Amino acid sequence: MKNIKTEILINTNATKVWDVLMDFENHPKWNPFIKSIHGEQKLGKNLTVHIQPPNAKGMTFKPVILTLKPNIEFRWKGKLGIKGIFDGEHYFILEPVGNNTKLIHGEKFSGILVALTGKMLEKTAEGFRLMNEALKNKCEQK
């Protein structure tokens, strides 16, 4: 198993961060990592997500929503091909810090191909950091 975990402090409340994060239609306008995201925002439903790590090929997958707690946590799990080959549990956790919000954004990878993905996971981690910065900028506007 391999993990990516990133954090950023966003100078606004969790409701604002949640609203921007869950506004799937507008992700292409501000998000440099998740180029598109579609689907019903409901537990157990599948999304269609297209990601583009920096300096890497894009990829589209259909994860299932595991957790959907407004203003607190959004989590999905996807797989490459068959379950157990290369699975990823992606999460966004919002923690209040005074009047601000700490975003914890990460993914837990498992499966038999994880050991072969070193460079790809480095690029993915950089994509998370770029997304975090873009989300911070978007939320702190106005």
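Please treat every number below as a calculation from the coordinates, not as lab data. Note that this is a predicted model, so its numbers are computed, not measured. Counting neighbours? That spans all protein chains shown, and the Cβs are built from the backbone with ideal geometry, glycine included.
Quick look at the values:
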quantity	calculated
Full-extension gain in nm, MET59 to LEU130, via 0.36 nm per residue minus C-alpha separation	23.9 nm
Dipole in debye (nearest 20) - the range 2-140, about Cα centre, beta carbon charges: Lys, Arg +1; Asp, Glu -1	380
Kirkwood-type radius of the range 2-140, with distances r between different C-alpha atoms, in Å	15.2
Gyration tensor verdict on the range 1-69 (Cα atoms; rounded if a/c is under 1.5, prolate if a/b is larger than b/c, oblate otherwise)	rounded
Projected label distance in nm at ASN46 and ILE72, using a 7 Å step from Cα toward the beta-carbon	2.9
Positive minus negative residues near ALA56 (Lys, Arg vs Asp, Glu; Cβ under 13 Å)	+2
Most positive-pole-ward Cα, GLY39, PHE61, ILE104, against dipole of the range 2-140 from beta carbon charges	PHE61
Least to most buried among TRP30, TRP76, TRP18 (fewest other Cβ within 10 Å first)	TRP30, TRP18, TRP76
Residue pairs, from the table LYS5/LYS136; LYS2/LYS69; LYS16/LYS77; LYS57/LYS136; LYS29/LYS108; LYS69/LYS102, whose Cα atoms sit over 19 Å apart	LYS2/LYS69; LYS16/LYS77; LYS57/LYS136; LYS29/LYS108
Fewest-first sequence of MET1, MET131, MET120 by Cβ atoms within 10 Å of each Cβ	MET1, MET120, MET131
Fewest-first ranking of GLU126, GLU25, using other Cβ atoms within 10 Å as the exposure measure	GLU25, GLU126
Separation between Cα centres of the range 23-62 and the range 66-142, rounded to whole Å	11
